[in-house]
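A short worksheet on the structure shown next.
The values are calculated or read from the model by the stated rules, or taken from the named source; none is laboratory data. Quick caveat: nothing in here was measured; it's all calculated off a predicted structure. So basically every Cβ, Gly included, is an ideal-geometry build from the backbone, and we count neighbours across all protein chains shown. The protein model used for the area step is the full one, side chains on, heavy atoms only, and it has no ligands, DNA or RNA in it. Shrake-Rupley method; radii C 1.70, N 1.55, O 1.52, S 1.80 Å.
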Amino acid sequence: MNEVPARSKRRTVGRARLLAGGVVALVTAVASVAMATLAHADLSGPPGTTLKAAAERSGRYFGAAMGGDRLNDSGFLTIANREFDMMTAVNEMKPDATQPNRGQFDFRAGDAIYNWATQRGMKVRGHTLAWHAQQPRFWGSLNGSALRTAMIDHINGVMGHYRGKLYAWDVVNEAFAENGSRRSSNLQSTGNDWIEAAFRAARAADPGVQLCYNDYNIENRTYGKTQGVYHMIKDFKARGVPIDCVGLQTHFTGGSSLPGNFQQTLSSFAALGVDVALTEVDVTNASSSQYQGLTQACMNVPRCVGITTWGVRDSDSWRGNENPLLFDRNSNPKAAYTSVLNALNAASTTVPGTSTPSGSTSPSTPNDPGQPGVCTATYRSAGSWGGGFQGEVTVSNNGSTTLNGWTVRMTLAGGQTIVNVWNGANTGSTGTVSVRNAAYNGSLGANASTSFGFLANGSTSTAPGDISCTSP
């Protein structure tokens, strides 16, 4: 095995090594469902001209990782705002950053990234809650039940702060060894059920967020580590342990090229009843064929919900000397960018509609369905918790010609306040609220639909009333 070059602690991603042998390069290879897809499929629409717009055509997202040091980097911010609709904090939501001292949580760095992203209509993935690395310093003096309690307390504290705000959490990160056994760590020493305990605590702490297991070197279906993770997920689903997603980090370097069975790997995980996501993508020298292949594989698997690159430009990467990202140090897109954009636009499968517990609907009254320029809006609950809820509104064109632009009006119950909207722009946050289309989802062909989602605070999850949809 080839060892990964040492990195500074604050830039670490946390894998001990990358799989270097036994994988065949193939340049032509290609809970619940996600809380809410970013857009319903409209594969008949015009191609997207940015990564996020192209991904959203099939209901997927395209994200990036962002460190706090990039909040003042205009080059990074310009690209991130233009190209991405999902953001992951590099280090700022990890255990050592969020709980530097026992019982003393610090969310300032994580909140800065969260606020920047959500103010621009992005969703946020939380990374990570329980891991063998970058732990709170005091965990080093604990073991057994005391460490297990500290882990659960940490999950409760962090998820309590971000409850109802995030798209997903990497609940457990990198818990398997290369041979498929559990990695030796202080958390593993608390008992083999520690991962299950983490997921059960996470679900209790935030009923509405997607819960993911995240790891590297699990891209090859036949590899020992992949098999170890696969059998854990299969066991969890069989026993009702709450898990919604598997994150494949997808670091391809040196000999660990895109495996020929990568799409099969994604499909096999998805067949267990979980979403799959490519969570930390980077590729040595930004190989266009490998970027195209990994993107195409995701597009071919309906439950592959999105792709995240670990950084934006080569200068942002922990592997910067390998130039592994889609933009160069001067913020210029590479050939690999075009290959990814084309693969996203060529998607032939869409992310399935979300399934939610106790969903409620409140359809609008159609205005002469079948006539030109007619839209309807239908609401459903996408989850609720004490103090808030998530909703999704599907906007449909029931007319016979293309609908160009739409606005949904709805009335919130007393005490409810919208705190975040995606795939639309809202006017007002209490009482009667209007949400108009985003730049990329306003054009709907006959019988086509799209959706927007929102998070709201309030003591009740009562569905909005008086929902109506109008078009120019």
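Among the residues of segment 186-215, what is the count of those that are buried (at least 17 other Cβ atoms within 10 Å of the Cβ) and either of a type in the set (A, V, I, L, M, F, W, C) or assigned to a loop (DSSP other than H, G, I, E, B) (or both)?
Selection size over segment 186-215: 14.
Evaluate segment 227-242: report whether one residue or more is crowded, with 21+ Cβ neighbours inside 10 Å and in a loop (DSSP other than H, G, I, E, B).
no
How many of the residues making up segment 288-335 are farther than 28 Å from residue 69 by Cβ, of a type in the set (D, E, K, R) and assigned to a helix (DSSP H, G or I)?
0
Quick one: which of 315, 339, 364, 360 is farther than 30 Å from residue 44 by Cα and either open to solvent by less than 50 Å² (accessible area, probe 1.4 Å) or modelled with pLDDT of 90 or more (or both)?
Of 315, 339, 364, 360, the one residue that is farther than 30 Å from residue 44 by Cα and either open to solvent by less than 50 Å² (accessible area, probe 1.4 Å) or modelled with pLDDT of 90 or more (or both) is 315.
Can you tell me which residues in segment 128-139 are open to solvent by less than 30 Å² (accessible area, probe 1.4 Å) and among the polar types (S, T, N, Q)?
Answer for segment 128-139, where residues must be open to solvent by less than 30 Å² (accessible area, probe 1.4 Å) and among the polar types (S, T, N, Q): 128, 134.
Name the single residue that is modelled with the highest pLDDT among those in segment 434-446 being open to solvent by 20 Å² or more (accessible area, probe 1.4 Å) and in a strand (DSSP E or B).
434
For segment 447-469: of the residues being open to solvent by 50 Å² or more (accessible area, probe 1.4 Å) and part of a loop (DSSP other than H, G, I, E, B), which is modelled with the highest pLDDT?
Once the filter is applied, the top-ranked residue is 462.
Looking only at segment 197-232, count how many residues are in contact with a helix residue (DSSP H, G or I) (Cβ under 9 Å, 6 or more places away or on another chain) and within 14 Å of residue 174 (Cα to Cα).
11
Of all helices (runs of 4 or more DSSP H) completely enclosed by segment 1-104, which ones contain at least 3 residues that are buried (at least 22 other Cβ atoms within 10 Å of the Cβ) and modelled with pLDDT under 95?
none
Filtering segment 277-309 down to residues that are touching a strand residue (DSSP E or B) at 6+ places or on another chain (Cβ under 8 Å) and open to solvent by 10 Å² or more (accessible area, probe 1.4 Å), which residue is nearest to residue 59 (Cα to Cα)?
303
Tell me, yes or no, whether segment 140-156 has at least one residue that is part of a loop (DSSP other than H, G, I, E, B), within 30 Å of residue 325 (Cβ to Cβ) and open to solvent by 20 Å² or more (accessible area, probe 1.4 Å).
No, there is no match, as no residue in segment 140-156 is part of a loop (DSSP other than H, G, I, E, B), within 30 Å of residue 325 (Cβ to Cβ) and open to solvent by 20 Å² or more (accessible area, probe 1.4 Å).
What are the residues in segment 419-433 that are closer than 24 Å to residue 52 by Cα and either open to solvent by 60 Å² or more (accessible area, probe 1.4 Å) or at pLDDT 90 or above (or both), if any?
Within segment 419-433, 419, 426, 427 qualify.
Would you say residue 429 is polar (S, T, N, Q), in a loop (DSSP other than H, G, I, E, B) and under 17 Å from residue 470 (Cα atoms)?
no
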